[in-house]
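Below: the structure, in structure tokens.
The values are calculated or read from the model by the stated rules, or taken from the named source; none is laboratory data. Note that the coordinates shown come from a computational prediction; the quantities given were computed from them, not determined experimentally. Using ideal geometry, Cβ is built from the backbone for each residue, glycine included, and neighbour counts are taken over all protein chains shown.
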Amino acid sequence: MNNILEVNGLVKRYPAFSLDNISFSLPEGCVTGFIGANGAGKTTTIRSILNLAHKDVGVVKIFGLDADAHEQEIKDRIGIVMDSSYFYNDLSMKDMKSIVAPAYSKWSDADYRAYMEKFELDPKQKISTLSRGMRMKYALVLALSHQAELLIMDEPTSGLDPVSRDDLLDVLLALCDGGKSVLFSTHITSDLDKCAHNIIYIRGGRIIADAPTREFEDSYRIAVYRDGEGAEDEKYFLGKRRERDGFTALVSAADAPRLGRSCEKADLESIMVHLEKGV
């Protein structure tokens with residue numbers, strides 16, 4: 001399987017935060033979830049990949065092309081959805097589309113109309129009147145309407161109702177069935193439970209996990225303790241979460257048999273919450 005995106009040794013320094021030697025790749029035909037707490041570096045990484053933020057060190061290749069040397073060619077082939085939109089508030093969605101469409105060589109009016117209908121958007125409505133969720137839907141429509149081979153999405157389900165979120169996830173899976181790829185940055189890990197083939201986990205500006213989703217989840221277990229229990233097992237804990245009558249602890253799957261109690265499988269949310277809370 002070929003990699004559609006490759007990031008090697010990416011460094012971006014700010015006074016109070018740095019991306020530290022970020023490296024990962026995206027295989028074609030997959031949804032890759034990019035997870036981490038707020039401030040972990042997800043948006044900075046995406047902005048650096050897209051040359052929206054100047055990277056200090058590192059090489060980014062998209063479709064096998066250097067992202068600096070072939071920026072315009074690459075951006076014609078990718079769809080971008082950021083948490084902050086770039087729309088002109090005084091325009092209608094129809095007028096905004098007329099500005100965006102000529103920038104792409106493979107723009108499809110048929111796809112545009114189909115996605116506008118799917119997300120129940122009125123092209124005559126002014127952008128200034130759109131809710132946050134509707135703005136995100138419209139950004140998705142524009143990203144999906146020029147036959148992009150790679151979608152890079154920063155919190156694309158933020159502000160969407162549950163039905164619209166589920167519709168979007170169906171669209172992403174259908175795109176991957178057609179051989180396209182998605183980098184999906186989000187803190188709503190339940191979305192990734194449905195659609196993500198792979199997980200990249202960033203924490204404090206460093207990649208701490210890059211693995212197939214099921215493999216990542218299967219490498220951890222959750223143990224449940226009542227108040228006053230667990231002192232003898234604490235050396236195995238990777239993170240703790242307070243509950244009403246006790247706490248839960250995250251342990252590695254390899255250490256789980258050493259606890260002398262049954263453990264539960266861990267999902268993406270429980271893994272991330274426990275690791276962020278620590279011991």
request  = Kindly provide the set of residues from the stretch 93-127 that are over 26 Å from the mean Cα position of the chain (by Cα), among the hydrophobic types (A, V, I, L, M, F, W, C) and either not assigned by TED's automatic domain parsing to the domain that holds D161 or not in a helix (DSSP H, G or I) (or both), ordered by number.
outcome  = none
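Condition check ((1) of a type in the set (A, V, I, L, M, F, W, C); (2) in contact with a Phe, Trp or Tyr (Cβ under 7 Å, 6 or more places away or on another chain)) across all residues:
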position: A40; (1), (2): yes, no
position: T44; (1), (2): no, no
position: S48; (1), (2): no, no
position: N51; (1), (2): no, no
position: G58; (1), (2): no, no
position: F63; (1), (2): yes, no
position: D76; (1), (2): no, yes
position: S92; (1), (2): no, no
request  = State all residues of the stretch 174-195 that are surrounded by 15 or more Cβ atoms within 10 Å (Cβ to Cβ) and assigned to a helix (DSSP H, G or I); if no residue qualifies, say none.
outcome  = L175, C176, T189, D191, L192, D193, C195
request  = Would you check which residues across the stretch 102-130 are among the hydrophobic types (A, V, I, L, M, F, W, C) and in contact with a Ser or Thr (Cβ under 8 Å, 6 or more places away or on another chain) and list them?
outcome  = W107, F119, I127
key: Residue under evaluation S185, criteria (1) under 28 Å from F17 (Cβ atoms); (2) modelled with pLDDT of 95 or more, criterion not met   = (2)
key: Matching strands (runs of 3 or more DSSP E) fully within the stretch 198-279 where at least 1 residues are basic (K, R) and farther than 24 Å from L172 by Cβ   = 198-203, 206-212, 220-226, 239-243
ask   = Among (1) surrounded by fewer than 19 Cβ atoms within 10 Å (Cβ to Cβ); (2) of a type outside the set (S, T, N, Q); (3) touching a strand residue (DSSP E or B) at 6+ places or on another chain (Cβ under 8 Å); (4) not assigned by TED's automatic domain parsing to the domain that holds D20, where does E232 come up short?
value = (3)
task = Give just the number: which of (1) surrounded by fewer than 18 Cβ atoms within 10 Å (Cβ to Cβ); (2) part of a loop (DSSP other than H, G, I, E, B) does L160 not satisfy?
result = (1)
ask   = Counting only residues that are aromatic (F, W, Y) and more than 13 Å from G205 (Cβ to Cβ), which one in the stretch 12-55 is surrounded by the most Cβ atoms within 10 Å (Cβ to Cβ)?
value = F34
